[in-house]
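Student: Take a look at this one; I'll ask things after.
The values are calculated or read from the model by the stated rules, or taken from the named source; none is laboratory data. No experiment lies behind these values; they were computed from the predicted model shown. Ideal geometry is used to build each Cβ from the backbone, glycine not excepted, and the neighbour counts take in all protein chains shown. Ligands, DNA and RNA are stripped out before the accessible areas are found, and what is left, the full protein with its side chains, is counted by its heavy atoms. Shrake-Rupley method; radii C 1.70, N 1.55, O 1.52, S 1.80 Å.
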Amino acid sequence: MSNQLGRPIAEVIEANIETFKAQCYELYKPPPLGSLVKAGNMPVYGIVTDIITEGLDPSRPIVARGFSATTEEEIYTQNPQLMELLCTKFRAIAVGYSHDNLLIQGYPYEPPKIHAFVHECLPNELSDLSSSSDFIHLLLQHPEVKDEILTATLISISRQITDREKFLVRAGKTLAIELTGQMSRLNAILRKLKQ
Amino acid sequence: MPNQSDQTQHETIGRVVDGSLTRGMEIKLESSISIEDINNGTYVVIQGKHNRFVAMVTDLTLGTSDQNLKFNLPDMSDPLIREIVKGSLTYNSLSVRPGKVLPAVRGDHSDTTEARTIPEFFSPVFRASQNDMESIFGKEDENNFFIGHPLDMDTKICVDPRQLIKRSCGVFGRSGTGKTFLARLLMIGVLQHTEAVSLIFDMHNEYGESGQDNDRGGAVSGLKTLFPGQVSIFTLDENSSKLRKARYDEVVRIGYSDIEPEDIESLTQTLNLSDVAASIPFTLKTTLGDNWFKQLVETDGQEALNKLASEVQVQPQAMRALRNRLLRLTRFDFLDENPQYNSLNRLLDKLKDGMHVVLEFGRHGNDLTAYILVANLLTRRLHNKYRELTEESDAERGTGPKPLVICIEEAHRFLAPGIASQTIFGQIAREDRKFNITLMVIDQRPSGIDSEIMSQIATRISCLLNDERDVDAVLSGSPNSRELKSVLSRLNAKQEALFFGDAIPMPILIRTRPYGDNEHYQDLTSPSWKTGGQNTDSDKDSRRDLDALFGNS
Ligand SMILES: Nc1ncnc2c1ncn2[C@@H]1O[C@H](COP(=O)(O)OP(=O)(O)OP(=O)(O)O)[C@@H](O)[C@H]1O
Ligand SMILES: [Mg+2]
């Protein structure tokens, strides 16, 4: 696994074994839904399952400002302070951790530290993840993961690796086995995957 | 290391997922293997922890892990979804029946043994390789006769003809499925690989000079043509032989005095005799001696007949009826009041010389009466002679006369339930080579054969049969009849046969070796083992396997 790291994109602000939440350094620049990120020096890998943009200060409610603007962009140019008052955060579900430079699928033994840097993952890490289907089991078990998020994840991974077809077939087979007895749910997921 | 061509044989096609020794094993197929590439009746090898099991596929099943699948079909038009569903929601499985355990080391020529245990859960399954097949069925050599190929391989399946004729054997199948072609091949096997001699009752003139090839039209060579020095043709119908321009060595003549009461008894059904009428010859013979037949048919006129009847104390009416029917026999030109020579002795001499005798019926083959009469008459006499010879040699602790195989078509005519207890053929089958005689029965209606006789037919080769009763009859007494039935009822209509029983280590489905052109004849008359055949590929393979195991210098 390559250790080359680019610039971090976010910083962990909340963490437990199953999930971590990170604040992005740039407003509206989160990693895409379903993408793989890693947090910390001994990285914990997570799949982005939710993206939130909100005010930094919960005591200052956000108010509408567009009454005199003609475009959305205008609102931001007319109120440059907004860039400081708002922030984008995302939540990731832990699907693996690094051990001896290998990506091990499963919950980490420790959550990432608060303020740990979050990086987007490199293609080789994605293909490590895609080589086994254990993470699908983890995602399916997690109460916060909707089927839509799961399909987004699978499609996102499939677009970034070389053997898309093979990955989707294996993922689909895992789902078919995990979802035995839930034919209509499985069918809905499969319909999405084939697109 | 296995070579390239062997590679496909080393691909795991499935794994054991269920089973029992009595029911056989269930194999889940790998999703990469299409079920349509597996044929019922093919052979697979299961690699257990300590044993390599050879098994025959006896059923194929489609399974699904979700009973709702059929109500909620995924979009199967999409290749991705098709691929996903395969092996996860749906799977294919094989039922197989382990029969033999192969030697642990490939290429080790020690014997295979009977499977008395079963492979572990998830043991991988492979297609049987040429080597595997050879370990079980042997290689074409001085002991083994090549009889056909397995369904989906070019490997040669061999049978040891000495085993085949140790006890009686049978070739079955409905009309036109290749029984005669098979029997002819088997007889060549007997001729080439055993000490035995044979007598073939050739009802339709197909074994001697030439036979008919219905599919391609024209003729195929007979045994005499291929092995002139070892085969002798006796004909019952000289004219027909001449018309067919067929060689013959002897013309059979049967004297009136050769006809015995038992011969008439075996014609009860064919001549439509009453039981009373059929028993009269026995009475006649006791009073009149060997001349009874001549005297009966030559006694003419009501009065003379009544006189004879009262002399021997039988019902005159029944005797008249009998005489009327027997007069039909006198029209056979092979029956002769006073033959100039004794055909039976000539036949015996040929057999003694190690010749195989084909008895052609000519046009008489169309007459069941002639066929049954002659076959019974000659066989009874041969049997008597063989009994004498065996007893003589037993007294001197000899080996007895050369084993004799008698080949009869339309066997149910001799072995039907009502008559099998009386006919000489029934007796031979039951005696089980006591006097060095065994039968090769050929029949299209095995259900017409007495079940006790059937149980004496130790090796059975069956082509396609349509009637369920025939299928059941052929499989009766076989340990895996249920599984074999699924195989047998799906044979191709031609040139395919299920081979099972004493002479063959495991039941096997074969495509019968082709017969009919010069190349085939060449292979038969000078087989590779005789011509000092070159190393076969499988030889090299097994050596390579051994090298891989032990390293070569
Ligand atoms: N081994 C073979 N090689 C070549 N052709 C074969 C072979 N077996 C069968 N055939 C073809 O099938 C035809 C029928 O075979 P055969 O005469 O042996 O059938 P059968 O079962 O004896 O039929 P019947 O019951 O009418 O006597 C042959 O004429 C030949 O064309
Ligand atoms: Mg025939």
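Student: Identify, from the list B:Thr390, B:Thr399, the residue that is more than 21 Å from the chain's Cα centre (by Cα), more than 18 Å from B:Glu262 (Cα to Cα) and open to solvent by less than 60 Å² (accessible area, probe 1.4 Å).
Tutor: Of B:Thr390, B:Thr399, the one residue that is more than 21 Å from the chain's Cα centre (by Cα), more than 18 Å from B:Glu262 (Cα to Cα) and open to solvent by less than 60 Å² (accessible area, probe 1.4 Å) is B:Thr390.
Student: Would you be able to tell me the number of residues in the stretch A:161-177 that are surrounded by 15 or more Cβ atoms within 10 Å (Cβ to Cβ) and more than 10 Å from chain B (Cβ to nearest Cβ)?
Tutor: Here the count works out to 2.
Student: Condition first: open to solvent by 60 Å² or more (accessible area, probe 1.4 Å) and part of a loop (DSSP other than H, G, I, E, B). Now tell me which residues in the stretch A:69-81 satisfy that.
Tutor: Those that are open to solvent by 60 Å² or more (accessible area, probe 1.4 Å) and part of a loop (DSSP other than H, G, I, E, B): A:Thr70, A:Thr71, A:Pro80, A:Gln81.
Student: Any residue at all in the stretch B:225-234 that's open to solvent by 10 Å² or more (accessible area, probe 1.4 Å), in the same structural domain as B:Gly362 (by TED's automatic domain parsing) and within 11 Å of ligand 1 (Cβ to nearest atom)?
Tutor: Within the stretch B:225-234, not a single residue is open to solvent by 10 Å² or more (accessible area, probe 1.4 Å), in the same structural domain as B:Gly362 (by TED's automatic domain parsing) and within 11 Å of ligand 1 (Cβ to nearest atom).
Student: Something else now. Tell me which of these B:Arg52 doesn't satisfy, since it passes every other one: (1) open to solvent by 40 Å² or more (accessible area, probe 1.4 Å); (2) basic (Lys, Arg); (3) at pLDDT 90 or above.
Tutor: Tallying (1) open to solvent by 40 Å² or more (accessible area, probe 1.4 Å); (2) basic (Lys, Arg); (3) at pLDDT 90 or above, B:Arg52 fails exactly one: (1).
Student: Moving on to the next point. Give me the pairs: first residue in the stretch A:127-151 and open to solvent by 40 Å² or more (accessible area, probe 1.4 Å), second residue of a type in the set (Gly, Ala, Ser), beta-carbon distance under 8 Å, and six or more apart or on different chains, which are they?
Tutor: The qualifying pairs are A:Asp134/A:Gly106; A:Asp147/A:Ala188.
Student: Would you be able to say whether some residue in the stretch A:82-92 is in contact (Cβ under 8 Å) with a residue 12 or more places away in the chain, open to solvent by 80 Å² or more (accessible area, probe 1.4 Å) and on the phi < 0 side of the Ramachandran plot?
Tutor: yes
Student: Does any residue of the stretch B:209-222 turn out to be on the phi < 0 side of the Ramachandran plot, more than 16 Å from ligand 1 (Cβ to nearest atom), open to solvent by 10 Å² or more (accessible area, probe 1.4 Å) and in contact with a Phe, Trp or Tyr (Cβ under 8 Å, 6 or more places away or on another chain)?
Tutor: no
Student: Another one. When you scan the stretch B:71-95, how many residues do you find that are facing chain A (nearest Cβ under 7 Å) and small (Gly, Ala, Ser)?
Tutor: Number satisfying all stated conditions: 2.
Student: Within the stretch B:465-481, is even one residue assigned by TED's automatic domain parsing to the domain that holds B:Ile165, in a loop (DSSP other than H, G, I, E, B) and crowded, with 21+ Cβ neighbours inside 10 Å?
Tutor: yes
Student: Given the residues A:Pro112, A:Pro32, A:Pro58, which is the only one that is within 21 Å of A:Ile13 (Cα to Cα), touching a Ser or Thr at 6+ places or on another chain (Cβ under 9 Å) and assigned to a loop (DSSP other than H, G, I, E, B)?
Tutor: Testing whether each residue is within 21 Å of A:Ile13 (Cα to Cα), touching a Ser or Thr at 6+ places or on another chain (Cβ under 9 Å) and assigned to a loop (DSSP other than H, G, I, E, B) leaves just A:Pro32.
Student: Among the residues that make up the stretch B:216-230, is at least one of them within 30 Å of B:Phe282 (Cα to Cα), within 16 Å of ligand 2 (Cβ to nearest atom) and not polar (S, T, N, Q)?
Tutor: no
Student: For B:Gln130, state whether it is open to solvent by 10 Å² or more (accessible area, probe 1.4 Å), under 21 Å from B:Gly211 (Cβ atoms) and away from ligand 1 (no atom under 16 Å from the Cβ).
Tutor: For B:Gln130, the condition - open to solvent by 10 Å² or more (accessible area, probe 1.4 Å), under 21 Å from B:Gly211 (Cβ atoms) and away from ligand 1 (no atom under 16 Å from the Cβ) - is not met.
Student: Only one of A:Gly34, A:Gly66, A:Gly6, A:Gly55 is surrounded by 18 or more Cβ atoms within 10 Å (Cβ to Cβ) and at pLDDT below 95; which?
Tutor: Of A:Gly34, A:Gly66, A:Gly6, A:Gly55, the one residue that is surrounded by 18 or more Cβ atoms within 10 Å (Cβ to Cβ) and at pLDDT below 95 is A:Gly34.
Student: Taking the stretch A:180-194 as the region of interest, how many residues are open to solvent by less than 30 Å² (accessible area, probe 1.4 Å) and at the interface with chain B (Cβ under 9 Å from one of its Cβ atoms)?
Tutor: Counting residues in the stretch A:180-194 that are open to solvent by less than 30 Å² (accessible area, probe 1.4 Å) and at the interface with chain B (Cβ under 9 Å from one of its Cβ atoms) gives 5.
Student: List the residue pairs whose Cβ atoms are under 6 Å apart, where the first residue sits in the stretch B:266-285 and is closer than 15 Å to B:Leu329 by Cβ, the second is open to solvent by 30 Å² or more (accessible area, probe 1.4 Å), and the two are 6 or more positions apart or on different chains.
Tutor: Going by the 6 Å Cβ cut-off, the qualifying pairs are B:Thr270/B:Leu368; B:Leu271/B:Arg325; B:Ala277/B:Ala321; B:Ala278/B:Glu265.
Student: What's the number of the condition A:Leu122 fails, among (1) open to solvent by 40 Å² or more (accessible area, probe 1.4 Å); (2) more than 10 Å from every other protein chain (Cβ to nearest Cβ); (3) under 23 Å from B:Asp66 (Cβ atoms); (4) among the hydrophobic types (A, V, I, L, M, F, W, C)?
Tutor: Unmet for A:Leu122, out of (1) open to solvent by 40 Å² or more (accessible area, probe 1.4 Å); (2) more than 10 Å from every other protein chain (Cβ to nearest Cβ); (3) under 23 Å from B:Asp66 (Cβ atoms); (4) among the hydrophobic types (A, V, I, L, M, F, W, C): (3).
Student: On to the next question. Any idea which residue in the stretch B:180-193 is farthest from B:His383 (Cα to Cα), counting only those that are among the hydrophobic types (A, V, I, L, M, F, W, C) and away from ligand 2 (no atom under 12 Å from the Cβ)?
Tutor: Only one residue fits best here, namely B:Leu185.
Student: Do you know which residues across the stretch B:56-70 are open to solvent by 40 Å² or more (accessible area, probe 1.4 Å) and either within 9 Å of another protein chain (Cβ to nearest Cβ) or touching a Pro at 6+ places or on another chain (Cβ under 7 Å) (or both)?
Tutor: B:Ser65, B:Gln67, B:Asn68
Student: With the requirement that a residue be of a type outside the set (A, V, I, L, M) and buried (at least 24 other Cβ atoms within 10 Å of the Cβ), what does the stretch B:414-432 give you?
Tutor: Of everything in the stretch B:414-432, those that are of a type outside the set (A, V, I, L, M) and buried (at least 24 other Cβ atoms within 10 Å of the Cβ) turn out to be B:Phe414, B:Thr423, B:Phe425.
Student: Kindly evaluate B:Thr112 against the criterion of being away from chain A (no Cβ under 14 Å) and not hydrophobic (A, V, I, L, M, F, W, C).
Tutor: Considered against the rule, which asks whether it is away from chain A (no Cβ under 14 Å) and not hydrophobic (A, V, I, L, M, F, W, C), B:Thr112 comes out as yes.
Student: Another question, if that's okay. When residues of the stretch B:194-208 are filtered for being within 16 Å of ligand 2 (Cβ to nearest atom) and either at pLDDT below 90 or of a type in the set (S, T, N, Q) (or both), how many remain?
Tutor: Going through the stretch B:194-208 one residue at a time, the tally reaches 1.
Student: Sticking with this one: Could you go through the stretch B:169-179 and let me know if any residue there is away from ligand 2 (no atom under 16 Å from the Cβ) and open to solvent by 10 Å² or more (accessible area, probe 1.4 Å).
Tutor: no
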